[in-house]
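Read through the structure below, which is laid out as structure tokens, and then see the notes.
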Amino acid sequence: MPDAVKWEPTACPVCRCADAGEFLRAPGDDGKEYRLAKCRACELVFLDPRPTEDTVGLLYTEDYPQYRGSKLKNGPLRRLRAKLFGHRERSLADRIPVVPGGALLDYGCGAGHFVAQMRDRGWNAFGMDFSPHAVQSAKESYGVRAVCGTLPHPDVPPNSLDALTLRMVLEHVHDPAALLRHALVALKPGGALCVAVPNLAAWGFGAFGKAWFPLRLPWHLSHFTPDTLARTVRASGFEVETVATKGHTNWTGYSVRRARELNPKWWTPFARVRLVRSALSKWTERRGAGDELCLLARKPLRAALEVPMRRAA
Ligand SMILES: [Zn+2]
């Protein structure tokens, strides 16, 4: 980790309650130990202490995996492998009903593959990321429109979007509720919000514990369950339509690799076999306990006069 990152103790990032108990101590990807706390009011699990907002950018170096474009992503080898070993995953893109020509913003677009995917489905899609590396990579790898920055942004007027996607974003930001409120403003009435975050209520977290790959410490500041995510989104003024989970064969593989060192169980060697991991991932998804949470919500057609600002209902 870059030395200049500064750390601060924090209250709950969603409801601001200062009363939290220790939830877990787990090693980060850098081998250092980090502490997760659980809010006694809204039950959110969060990193405490956490990197300060003005130094957290130092954790996102050019080689942060999500910033690297990959031509292989949809290559023939990958497709063949998916056909042979993968299960037909219902992707996030499938969950958002297409509005042909509708404006879709992928916020935190990384290297831009999802923007390209949504463009190819008929959306007028564009991306936004606070990393100039990511924006550059999105333009070069996929030729998509991408802007550098955060919401609110001059390129995104209020009531202008038909859909906004937050894929693996909410767990990274210091104030998730504030970002959701900016999203609410940017969307048209009836516009769709699609959120994907790791699922702390997943079978995988129960099984792998501190070795569970999607903890991604110290990058992930908030760790959501279906309940805490839905409450946070609702409290920001949205109507929640569906909450589903998705299994990840690859994430299970990374968790297994970490578990061999951190938290070995008798069955971890079996889970190294890709077919076993694929079956596990299917099974967890069917039970609603997959590693990823996908939530679809709408901006109400008639916005409530006053949106509750802080405390999750
Ligand atoms: Zn809270």
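Laboratory data are not the source of any read-out in this text; all were calculated from the coordinates shown. As the structure is a computational prediction, the values presented were derived from the model and not from experiment. With ideal geometry, Cβ positions are generated from the backbone for all residues, glycine too; neighbour counts draw on all protein chains shown.
Here are the numbers for this structure:
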{"quantity": "Signed unit charges on C-beta, dipole axis of the chain, positive-most listed residue Trp219, Thr55, Leu262", "calculated": "Leu262"}
{"quantity": "Charge dipole magnitude, Cβ of K and R +1, D and E -1 - the chain, Cα centre, debye nearest 20", "calculated": "1340"}
{"quantity": "Mean shadow area of the stretch 171-313 over all directions, Cα convex hull, nm²", "calculated": "8.9"}
{"quantity": "Burial order of peptide ranges 18-30, 141-153, 183-195 (average beta-carbon count within 10 Å, highest first)", "calculated": "183-195, 141-153, 18-30"}
{"quantity": "Residue among Gln136, Leu166, Leu296 farthest towards the positive dipole end of the chain, charges placed on Cβ", "calculated": "Leu296"}
{"quantity": "Contact order relative to length of the chain, as percent, for alpha carbon pairs under 8 angstrom and 6 or more apart", "calculated": "18"}
{"quantity": "Antiparallel content of DSSP bridges confined to the chain, in %, to 5", "calculated": "60"}
{"quantity": "Charge-dipole axis of the chain as Lys and Arg at +1 and Asp and Glu at -1 on Cβ define it, positive-most pick from Ala186, Cys42, Ala111", "calculated": "Ala111"}
{"quantity": "Cα-Cα over 25 Å, subset of Lys6/Lys265; Lys6/Lys38; Lys6/Lys32; Lys38/Lys282; Lys139/Lys246; Lys139/Lys299", "calculated": "Lys6/Lys265; Lys38/Lys282; Lys139/Lys246; Lys139/Lys299"}
{"quantity": "Quarter of Cα convex hull surface for the chain, i.e. mean projection, nm²", "calculated": "15.7"}
{"quantity": "Contour excess over end-to-end distance, with Cα ends at Ala279 and Cys17 and 0.36 nm allotted per residue", "calculated": "90.3 nm"}
